[in-house]
Amino acid sequence: MSTSTPEQKKSRTPRHVSAARDKQLTPSEHRVQVAAARLRVALDERLGRSTPAETKALSKEDL
């Protein structure tokens with residue numbers, strides 16, 4: 001059981017929200033993002049899941 005209060009839980013940033021959206025990525029960080037998107041697309045295909053369009057578009061970019 002968690003020891004945090006409901007007020008503390010509300011103030012946390014959700015996991016799916018990335019701080020990188022607010023700042024400019026370096027070229028190496030962008031390459032990591034593209035590689036991760038490619039892995040996500042491959043995994044989703046194997047598991048028969050749908051992949052968000054944003055992730056598919058990112059996976060098609062050049063490293």
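The values are calculated or read from the model by the stated rules, or taken from the named source; none is laboratory data. Please read these numbers as outputs of a predicted model, since none were measured by experiment. When we count neighbours, we look across all protein chains shown, and the Cβ atoms used for this are built from the backbone with ideal geometry, even at glycine. All accessible areas refer to the heavy atoms of the entire protein, side chains included, with ligands and DNA or RNA removed. Shrake-Rupley method; radii C 1.70, N 1.55, O 1.52, S 1.80 Å.
A few points about this structure:
- Taken over the stretch 24-41, the residue count meeting the criterion of being open to solvent by less than 80 Å² (accessible area, probe 1.4 Å), out of contact with any helix residue (DSSP H, G or I) (no Cβ under 8 Å at 6 or more places or on another chain) and not β-branched (Val, Ile, Thr) is 4.
- For beta carbons closer than 9 Å, sequence separation of 6+ or different chains, a first residue in the stretch 25-37 that is at pLDDT 95 or above and β-branched (Val, Ile, Thr) and a second that is open to solvent by less than 60 Å² (accessible area, probe 1.4 Å) and part of a helix (DSSP H, G or I), the qualifying pairs are VAL34/LEU58; VAL34/SER59.
- Of all residues in the stretch 29-53 being among the basic types (Lys, Arg) and more than 11 Å from the chain's Cα centre (by Cα), the one that is nearest to LEU63 (Cα to Cα): ARG31
- Taking the criterion of being surrounded by 11 or more Cβ atoms within 10 Å (Cβ to Cβ) and assigned to a helix (DSSP H, G or I), the residues of the stretch 46-56 that qualify are THR55, LYS56.
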